[in-house]
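Just so it is clear, none of the values below were taken in a lab; they were calculated from the coordinates. What you see is a predicted model; the values in this text were computed from it and never measured. Cβ atoms come from the backbone with ideal geometry, glycine included; neighbour counts cover every protein chain shown.
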C-alpha cells in the first residue's frame with residue numbers, strides 16, 4: 001500500500017504568527033495532531049505537532065503569547081505520495097516523529113501519521129473479540 005492510499009488529504013495549514021492556543025484550538029476542532037506551518041521567511045513549509053505545544057506548556061510558556069514560528073520544526077522530512085507505507089514507517093521510526101507531510105510538486109497534498117499506517121496494517125475487526 002502507498003502513502004497516497006493512507007494519508008489524510010485534509011491538511012490544516014496555519015501561519016507563523018498564530019499563537020499556540022490558536023493552533024491548538026484549530027487542531028482540536030479538526031481532530032488532527034499536526035498542522036502545516038507555511039512560513040516563507042523561515043524556509044517555506046514546517047510542521048507543528050501536539051507534542052510541540054505540550055513541550056511549550058510544560059516549560060511554563062504562555063500559549064497565548066508563544067507564536068508557532070518559535071515551535072515549528074522546519075527541518076522536515078517529507079514523504080512522496082508514491083512511497084510505500086514501509087518507507088514512511090522507516091522514516092518515522094528513524095527520525096523519531098509521528099507525522100510526515102506529503103508533497104506533490106513541492107506543495108502539501110496530505111499528511112500521513114503513524115495512526116494512518118496502523119489503520120492500514122491492522123484494520124478494525126468486524127466483530128468484537130469473543
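Taking the C-alpha atoms only, the angle from helix 20-30 to the longest principal axis of the chain is near 30 degrees.
Calculated on C-alpha atoms, the gyration radius of the range 46-117 divided by its Kirkwood radius gives an Rg/Rh of 1.03. Ranked by the mean number of other Cβ atoms within 10 Å of their residues, highest first, the peptides 17-24, 74-81 fall in the order 17-24, 74-81.
With viscosity set to 0.692 mPa s and temperature to 37 °C, compute the Stokes-Einstein D of the chain, Rh being the Kirkwood radius across alpha carbon pairs; µm²/s, no decimals. Kindly include the intermediate steps, with their values, before the conclusion.
On the way: Rh = 15.4 Å.
Here the translational diffusion coefficient equals 213 µm²/s.
Given their separation in residues at 0.36 nm each and the Cα-Cα distance between them, residue 10 and residue 54 gain 13.6 nm when the chain is fully extended.
Could you tell me the calculated FRET efficiency between residue 98 and residue 25, based on Cβ-Cβ distance and R0 = 22 angstrom, to the nearest 0.05? Don't skip to the end; give the middle numbers.
Values: r = 21 Å, r/R0 = 0.94.
Taking R0 as 22 Å, the efficiency between residue 98 and residue 25 is 0.60.
Please give the calculated 222 nm ellipticity per residue for the chain, where each DSSP H segment of at least 4 residues contributes -39500 (n - 2.57) and the sum is spread over every residue; nearest 500 deg cm²/dmol?
On the way: 5 runs with 43 residues, N = 130.
Value at 222 nm, helices only: -9000 deg cm²/dmol.
Annotation: peptides 90-97, 111-118, ranked by per-residue average of other Cβ atoms within 10 Å with the highest first, follow the order 111-118, 90-97.
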